[in-house]
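Here is the structure we will look at.
Coordinate-derived values only; no laboratory data. Here the structure is a predicted model, which means the values were calculated and not measured. We place every Cβ from the backbone using ideal geometry, glycine too, and count neighbours over all the protein chains shown.
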């Protein structure tokens with residue numbers, strides 16, 4: 001996988017059409033997979049599927065392991081009898097996600113379904129549910145965390161009573177007994193997510209589509225991981241971060257990006273033989289066929305910013321374990337398909353780390369035209385073992401990006417890709433597909449030629465991101481045939497669909 005010419009589409013499931021105010025793992029997801037198959041695609045790339053916390057970002061989640069409950073297909077739960085249809089009123093399709101409203105409505109319904117399922121001694125799938133509970137090591141920590149978060153009205157864990165915030169084994173056991181019913185509901189919700197996702201992934205496999213997932217290097221501070229494993233992070237005695245993650249000033253921001261995630265205590269993790277990381281990778285490969293490691297360079301050295309700083313400017317690069325970590329992980333997992341997100345400030349040490357494990361890196365064509373002909377993102381400089389994108393979830397759509405450029409910049413791009421103004425996006429996609437890179441990934445917004453209104457995320461901004469959705473009437477009637485012709489022309493068609 002990833003060593004033969006292929007092509008895929010980047011679309012997060014929240015962006016799928018359908019009722020309920022947000023994309024789900026239901027019928028529209030299967031229809032989208034059918035569309036990918038008709039296009040001759042080999043891959044569907046998604047963003048992290050974890051439950052988003054701060055700013056609704058999938059890169060800041062309540063857990064590095066859990067699934068996003070908002071993606072659960074409620075129609076399926078109604079059909080199986082856990083949810084009376086009278087409690088579930090479908091809302092019309094929208095073109096953006098109102099996360100606050102969707103979360104309030106959907107979690108209320110899911111909690112009702114969990115209560116009904118657990119109260120029904122003869123409920124179908126009860127054995128499957130208990131098997132999931134007994135074989136999922138991270139589940140109880142997460143379920144207790146979310147139950148407590150619900151009790152304390154969504155407050156971050158450091159604002160809970162001290163005995164629960166700075167958890168002890170005794171308090172853990174007591175709270176687990178006291179909150180048994182609420183914990184059970186959270187476990188039910190996770191079980192439903194994982195069973196629905198596995199069935200959707202199997203459907204994709206049946207169509208010849210492999211799923212590329214995303215593993216963020218860092219985890220959110222307000223997460224079950226930090227709360228339950230404080231010893232693995234750089235925190236003070238009160239549980240507050242001493243240093244936080246970010247990146248220095250770059251293409252996206254003159255003051256850098258202050259992500260705010262707590263940093264790892266790599267010495268403590270090494271002492272535990274990186275068990276937390278091994279479990280995390282195992283969980284991700286249970287969900288996906290390929291993993292994209294976000295901010296790969298952070299495994300060689302991470303930008304570390306004092307917690308009291310307001311921007312990321314006054315940080316410093318601090319070494320990370322790199323080879324020690326990956327050698328340990330892959331001694332357990334063996335050779336697995338990984339894409340390294342090697343963007344940003346890349347040093348020879350980062351390149352050496354990526355090449356040591358033979359990970360393909362990323363080439364972003366939107367970054368290709370801000371310097372001369374030696375720019376590594378220009379297609380004539382691409383490498384075979386790499387993954388080429390028009391842009392990622394952090395970029396504007398290609399049409400929006402092109403429209404934002406000066407006339408001189410647009411002429412330079414048109415000359416390179418052989419375009420004549422109106423067909424520039426089409427020409428850029430063709431150029432991407434022509435690349436020598438083994439794998440090409442197209443954001444779905446570019447496939448259906450949408451402008452900046454369809455942008456997914458603006459890095460460095462806290463609000464207004466992640467909510468874009470498409471509707472089926474945005475997809476041209478000839479879309480699959482046209483894209484398939486291009487994919488076939490450049491030797492990227494999925495052999496199972498030829």
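Of note:
- Two-site FRET efficiency, residue 404 against residue 153, from Cβ-Cβ distance with R₀ of 45 Å, rounded to 0.05: 0.60
- Cα gyration tensor category, rounded, prolate or oblate, for region 365-498 with a/c compared to 1.5: rounded
- Euclidean distance between Cα centres, region 102-144 to region 1-46, Å: 27
- Overall form of region 432-498 per C-alpha gyration tensor (a/c, 1.5; a/b vs b/c): oblate
- Listed by Cβ neighbour count within 10 Å, with the fewest neighbours leading, 424, 347 appear as 347, 424.
- Spin-label pair residue 375/residue 318, simplified geometry with 7 Å Cα→Cβ offset, distance in nm: 3.5
- Between region 280-296 and region 454-498, the alpha-carbon centres lie 22 Å apart.
- Only DSSP H runs of four or more residues enter the estimate; each adds -39500 (n - 2.57), and after division by the residues of the chain the mean residue ellipticity at 222 nm equals -11500 deg cm²/dmol.
- Gain on full extension, evaluated as 0.36 nm per residue between residue 120 and residue 255 minus their Cα-Cα distance, stands at 43.1 nm.
- Acute angle (nearest 10 degrees) that the helix 479-489 long axis makes with the longest principal axis of the chain, alpha-carbon atoms: 60
- The angle between the Cα long axis of helix 424-434 and the main principal axis of the chain comes to about 80°, on a 0 to 90 degree scale.
- In terms of the mean number of neighbouring beta-carbon atoms within 10 Å, the peptides 380-392, 251-263 order highest first as 380-392, 251-263.
- Gyration tensor verdict on region 293-386 (Cα atoms; rounded if a/c is under 1.5, prolate if a/b is larger than b/c, oblate otherwise): oblate
- Taking 183, 345 and counting other C-beta atoms within 10 Å, the order from fewest to most: 345, 183
- Cβ-Cβ distance of residue 4 and residue 85, R₀ of 60 Å, FRET efficiency by 1/(1 + (r/R0)^6): the value works out to about 0.80.
- Estimated FRET transfer efficiency (residue 273, residue 420; beta-carbon r; R0 51 Å; 0.05): 0.30
- Angle in degrees between helix 99-119 and the longest Cα principal axis of the chain, rounded to the nearest 10: 50
- Residue 461-residue 332 pseudo-label distance in nm [points 7 Å out on the Cα-to-Cβ vector]: 4.0
- For region 216-279 versus region 150-215, the spacing of their alpha-carbon centroids is 20 Å.
- Here the simple spin-label model places points 7 Å from the Cα toward Cβ, and for residue 488 and residue 203 these points are separated by 2.6 nm.
- Evaluated on region 72-207, the Kirkwood hydrodynamic radius is 16.6 Å, with distances taken between all distinct Cα atoms.
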